[in-house]
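Everything on this sheet refers to the single structure shown next.
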Amino acid sequence: MSLTKKIIAYSPLLKGRIKPDYNLKNIFEIDINELKKKNIKGIFFDLDSTITVSKSAKFTDKTRAFIKSLEDNGFKLAIISNNYSDKYIEKVQKEIHIKIYYPAEKPQTEIIKKALNDLDIKAYECAMVGDRPVTDILAGYNAGMMTVLVDGIDAENENLPTRFIRRIERLTIKK
């Protein structure tokens, strides 16, 4: 699909209907104390490139330290994905102990519901952290979660068409 066709396909979703609660540059800007004040007890990360270097399935030391600080502060954590192969998921799972929910045949909201049930937590007590407004943020919003939009860990190294589409998505949502 050409870049123009992708943008046109996204355009109906990008008319200001998707508004994240927080629109941050990266996950490291997430304020743990602010989340606690809002009674957030669980954080669901989009797998994609939100917390991993996407192609290599590696976590940076900074990301590992951030995740550890969340755990040390009592947050329940899950990783949500609906678009990676079993092989990639296995690679990521070897890197980190947080459960990954990824049945690709189900909508992302269904995956979120399963994770909420497993962690015994309510959606309104959770934040969905992702790098795409039209997938991650929309899924979190539809599930009734607080939403946090961030750039990918490796965003500066993304190919130009992907980076361009992410910028279009970010510019067309309400901040």
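The values are calculated or read from the model by the stated rules, or taken from the named source; none is laboratory data. Owing to the predicted nature of the structure, the values given are computational and were not obtained by experimental measurement. Note that each Cβ is placed from the backbone with ideal geometry, even for glycine, and that neighbours are counted across all protein chains shown.
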Exercise. Please enumerate the residues belonging to the range 1-25 that are assigned to a loop (DSSP other than H, G, I, E, B) and at pLDDT below 85.
Key: Met1, Ser2, Lys15, Gly16, Arg17, Ile18, Lys19, Lys25
Quiz item: Can you spot a residue in the range 63-74 that is at pLDDT below 90, at negative phi and either assigned to a strand (DSSP E or B) or of a type in the set (Asp, Glu) (or both)?
Solution: no
Quiz prompt | Residue that is nearest to the chain's Cα centre (by Cα) [pool: residues in the range 113-139 that are over 14 Å from Leu24 (Cβ atoms) and crowded, with 24+ Cβ neighbours inside 10 Å] | solution = Ala139
Quiz item: Out of Ile121, Ile100, Ile89, which single residue is under 18 Å from Asp21 (Cβ atoms) and among the aliphatic types (A, V, I, L, M)?
Solution: Ile121
Practice problem: Within the range 131-142, identify whether any single residue is touching a Pro at 6+ places or on another chain (Cβ under 8 Å), among the polar types (S, T, N, Q) and modelled with pLDDT of 85 or more, and answer yes or no. | Solution: no
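Can Glu95 be described as among the acidic types (Asp, Glu) and modelled with pLDDT of 95 or more?
Taking the combined requirement at face value, the residue does not satisfy it.
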Practice problem: Report yes if Ile89 is within 15 Å of Asp46 (Cα to Cα), of a type in the set (A, V, I, L, M) and in contact with a helix residue (DSSP H, G or I) (Cβ under 8 Å, 6 or more places away or on another chain), otherwise no. | Solution: no
Practice problem: Six or more apart or on different chains, Cβ under 7 Å: which pairs go from a residue in the range 134-147 that's in contact (Cβ under 8 Å) with a residue 60 or more places away in the chain and closer than 11 Å to Tyr124 by Cα to one that's in a helix (DSSP H, G or I) and β-branched (Val, Ile, Thr)? Could you list them? | Solution: Thr147/Ile137
